[in-house]
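Q: My questions all concern the structure below.
The values are calculated or read from the model by the stated rules, or taken from the named source; none is laboratory data. Predicted model, so just to flag it, every value in this text is computed and none were measured. Don't worry about glycine lacking a Cβ; one is built from the backbone with ideal geometry, like all the others, and counts go over all protein chains shown.
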Amino acid sequence: MKILILILTALCFSAYSQDTIRSQKLDSLIWIKINTYRTSISEKPFTSFETTTMRKYSKKITERNSFVKIGFHSDSVGITCNGECLFQLVATGNSPSVKKMLDDVLSGNFEYLAQQAVQNWINSSSHEAILSYSTWTVSTVTSKAVVSKDKTSMRFDCSYHCRSADSKVTNKKGGATYK
């Protein structure tokens, strides 16, 4: 019983020792930067920011990865989406650059985080192929940033998922989720 009380106390304390940011503004900014990249390489931009089933799925992946040391890809690519990119950024310290980044994030200036996510995906040949694949037209982005109350650390997790508007992506029961 004492252990259970200790665990609950620790969980309550940790909930008050950080700021958690989930922002559709940030998600949309990353999505726009992906489209800007696609245009720069003569690919058509995505036609739709998906807000239903694939977005719900993406949120689950982002949330799960925000609790593990190293994020891992889902086992449902091909079921809920055709492509997946993950990004994680951890910043710690008292340097002026870290403090500025954390202040920016807390004030809603997400430019740095969006740029870092997209640039890191572009720099990875496998992720870049997913971003630039010409037949995928629908995508979504979900993110979560957790900043410590003392503004000395932050963890940022981001997931990108995409599919073709006309593709059939089946659910685990074999029924078509998208047509």
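Q: Output the number of residues of the range 105-120 satisfying the condition of being of a type outside the set (A, V, I, L, M), out of contact with any strand residue (DSSP E or B) (no Cβ under 8 Å at 6 or more places or on another chain) and in a helix (DSSP H, G or I). So that I can check it myself, show each step before the final result.
A: Kept after step one, since they are of a type outside the set (A, V, I, L, M), are these residues of the range 105-120: 107-112, 115-116, 119-120.
Pick out the ones that are also out of contact with any strand residue (DSSP E or B) (no Cβ under 8 Å at 6 or more places or on another chain) and you get 107-112, 115, 119.
Keeping just the survivors that are in a helix (DSSP H, G or I) gives 111-112, 115, 119.
Number satisfying all stated conditions: 4.
Q: For the range 146-166, name all the residues that are buried (at least 16 other Cβ atoms within 10 Å of the Cβ) and either more than 21 Å from the chain's Cα centre (by Cα) or not in a strand (DSSP E or B) (or both).
A: Of everything in the range 146-166, those that are buried (at least 16 other Cβ atoms within 10 Å of the Cβ) and either more than 21 Å from the chain's Cα centre (by Cα) or not in a strand (DSSP E or B) (or both) turn out to be K151, S164.
A quick yes/no check of all residues on (1) modelled with pLDDT of 95 or more; (2) of a type in the set (V, I, T); (3) not in a helix (DSSP H, G or I):
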site: I7; (1), (2), (3): no, yes, no
site: L11; (1), (2), (3): no, no, no
site: R38; (1), (2), (3): yes, no, no
site: K56; (1), (2), (3): no, no, no
site: K59; (1), (2), (3): no, no, no
site: G71; (1), (2), (3): no, no, yes
site: S97; (1), (2), (3): no, no, no
site: D103; (1), (2), (3): no, no, no
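Q: Looking at the range 167-179, which of the residues that are more than 24 Å from N65 (Cα to Cα) and in a loop (DSSP other than H, G, I, E, B) is modelled with the lowest pLDDT?
A: K179
Q: Also, quick follow-up: Do we find a residue being under 28 Å from S107 (Cα atoms), at pLDDT 95 or above, basic (K, R) and in contact with a helix residue (DSSP H, G or I) (Cβ under 7 Å, 6 or more places away or on another chain) anywhere in the range 21-31?
A: There is no residue in the range 21-31 that is under 28 Å from S107 (Cα atoms), at pLDDT 95 or above, basic (K, R) and in contact with a helix residue (DSSP H, G or I) (Cβ under 7 Å, 6 or more places away or on another chain).
Q: Here's something else I'd like to know. Please determine, by comparing only the residues of the range 123-155 that are out of contact with any Phe, Trp or Tyr (no Cβ under 7 Å at 6 or more places or on another chain) and of a type in the set (A, V, I, L, M), which one is nearest to R64 (Cα to Cα).
A: V146
Q: Looking at the range 47-62 only, could you name the residues that are farther than 21 Å from R22 by Cβ and of a type in the set (F, W, Y)?
A: Listed by number, the list is empty, since nothing qualifies.
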